[in-house]
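The values are calculated or read from the model by the stated rules, or taken from the named source; none is laboratory data. Bear in mind the structure is a predicted one, so any value in this text is a computation, not a measurement. Using ideal geometry, Cβ is built from the backbone for each residue, glycine included, and neighbour counts are taken over all protein chains shown. In case anyone asks, the SASA skips ligands and DNA or RNA and just uses the protein heavy atoms, side chains included. Shrake-Rupley method; radii C 1.70, N 1.55, O 1.52, S 1.80 Å.
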Amino acid sequence: MQTGYDTLYRKVFERMAEPFALYGVQREEPTKDWNRVFLDINNAYEEIMNVSRQQVMGRTFAEIWPETESLWTEVIDLAAETGDPARREGWNRETGRYLRALSFVPAPGKVAVIFLDSTARQRAEEALREGEQRLRSYRETLRQLATELSLTEEKTRRGIAVELHDRIGYSLARVLEGVRGLQALSADPVLQRRGNELGGDIQRIIRDTRTMTFEISSPLLYEVGLGAAVESLAEHLLEGNGLDFSFSEEGMDVAETMDVRVLLYQMVREVFVNVVKHAGATKVRIVIQKGRDRIQILVEDNGRGFSPEKHMEQAAKRKSFGLFSIRERLRALGGALQIDAGQGKGTSVLLQAPFTAQGREDT
């Protein structure tokens, strides 16, 4: 005869939307596996697991699910072994669903298991992970493209600078030599005065051409090295705008690859431009330090400082990607950007990179 409690339990058991199974568990010896026998299942178990109560009652778990994943027996055995609730989750090959199993001991020799169908949630999480992976892949591709674009731009600049220096510069020098030669052939004061005027104009053009050559692509970067090029750049950009600077080069005598040299030079130029335009500084300290396998460049100013986080947000709104671009290009190299800044305490920008760009040969 059923009691009121048994009747209520039966109604709850049968009306649950989640699959529910009750097992009888025992083992003859401590070293042997548990014997798991179906005592009852609810309607949801029948529907989702595609079995009937008549099929499973009194039969063992292994008889009903001979090839299922081991985690579904583990969750039963763990509760039987410890007496404490246990959890397992995973894909179930029989149903094609992602299930979360919660087991507990309702009475001695019995284990109850509730199965929660988390298929939709798991698929959404997997889709999110796949999307994040694709996004990471796209970002890495964009970093590499930005690096390639920077190097291609520099090669173009270098070609223009060489043409300016070799073709136009030498041609102007020959023209100036010709003007001086013509002056030497005549004592006419009018021709002498006109020759001096033309010679002065040509010399100014030569100086302007040299300045343009430097601004387009520093020859020191290729002929001497990164340190000399950065120091010369500081003289041109910082000192040329009224800022005092100190420069030092420390560490091992190791040469970085040309790709790394070019990219770091471009980044330092962007940092200098930021200092001139926004820092309100009067002094700048520049330190290039080379370790065993990495190079780092410190640019430190005594300006007004800023909030790096707010700067990144505002730059994104303005579609101005100075520091953000530097950080992403350094990541593509296998390096990093560190910024130490605060309102009124100046700014310290540290560029770090390996001597050889990741996945690239020297060019």
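Just the residues that are in contact with a Leu (Cβ under 9 Å, 6 or more places away or on another chain) and open to solvent by 90 Å² or more (accessible area, probe 1.4 Å), please, taken from region 186-211.
Applying the first criterion (in contact with a Leu (Cβ under 9 Å, 6 or more places away or on another chain)) to region 186-211 yields 191, 195, 198-199, 202-203, 205-206, 209-210.
If the condition is that a residue be in contact with a Leu (Cβ under 9 Å, 6 or more places away or on another chain) and open to solvent by 90 Å² or more (accessible area, probe 1.4 Å), then 191, 210 are the ones that fit.
Only one of the numbered conditions (1) among the hydroxyl-bearing types (Ser, Thr, Tyr); (2) within 39 Å of the chain's Cα centre (by Cα); (3) in a strand (DSSP E or B) is violated by residue 141, and that is (3).
A single member of 275, 299 is outside any strand (DSSP E or B), at pLDDT 85 or above and either buried (at least 19 other Cβ atoms within 10 Å of the Cβ) or aromatic (Phe, Trp, Tyr) (or both), and it is 275.
The set of residues in region 248-258 that are assigned to a loop (DSSP other than H, G, I, E, B) and in contact with a Phe, Trp or Tyr (Cβ under 9 Å, 6 or more places away or on another chain) comprises 254, 255, 256, 257.
Which of the following residues is more than 20 Å from residue 38 (Cα to Cα) and among the basic types (Lys, Arg): 59, 88, 100, 123? Let's see the steps before the verdict.
Numbers: 59 fails: more than 20 Å from residue 38 (Cα to Cα); 88 fails: more than 20 Å from residue 38 (Cα to Cα); 100 fails: more than 20 Å from residue 38 (Cα to Cα).
When all the criteria are applied, what remains is 123.
Taking the stated definitions as given, is residue 282 over 28 Å from residue 156 (Cβ atoms), open to solvent by 50 Å² or more (accessible area, probe 1.4 Å), of a type in the set (Val, Ile, Thr) and out of contact with any strand residue (DSSP E or B) (no Cβ under 6 Å at 6 or more places or on another chain)? Here the answer is yes, as residue 282 does meet what is asked.
Considered as a group, the residues in region 4-13 that are open to solvent by less than 70 Å² (accessible area, probe 1.4 Å) and either assigned to a loop (DSSP other than H, G, I, E, B) or of a type in the set (D, E, K, R) (or both) include one that is modelled with the lowest pLDDT, and that residue is 6.
Is it the case that residue 261 is among the basic types (Lys, Arg) and either open to solvent by 40 Å² or more (accessible area, probe 1.4 Å) or not in a helix (DSSP H, G or I) (or both)? So residue 261 fails the test. If you go through region 217-247 and keep only what is part of a helix (DSSP H, G or I), closer than 19 Å to residue 276 by Cβ and either of a type in the set (Lys, Arg) or touching a residue at least 40 places away in the same chain (Cβ under 8 Å) (or both), you end up with 230, 231, 234.
Give 75, 105 a once-over and let me know the one that is in contact with a Gly (Cβ under 7 Å, 6 or more places away or on another chain) and touching a residue at least 24 places away in the same chain (Cβ under 8 Å). Only one candidate qualifies: 105. The single condition among (1) in contact (Cβ under 8 Å) with a residue 60 or more places away in the chain; (2) out of contact with any Phe, Trp or Tyr (no Cβ under 7 Å at 6 or more places or on another chain) that residue 200 does not meet is (1). Here residue 72 clears all of (1) open to solvent by less than 80 Å² (accessible area, probe 1.4 Å); (2) assigned to a helix (DSSP H, G or I); (3) at pLDDT 90 or above; (4) within 18 Å of residue 106 (Cβ to Cβ) except the condition numbered (4).
Yes/no matrix, rows are residues, columns are (1) surrounded by fewer than 14 Cβ atoms within 10 Å (Cβ to Cβ); (2) hydroxyl-bearing (Ser, Thr, Tyr); (3) in contact (Cβ under 8 Å) with a residue 24 or more places away in the chain:
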residue	(1), (2), (3)
42	no, no, yes
59	yes, no, no
68	no, yes, yes
83	yes, no, no
101	no, no, yes
110	no, no, yes
116	no, no, yes
128	yes, no, no
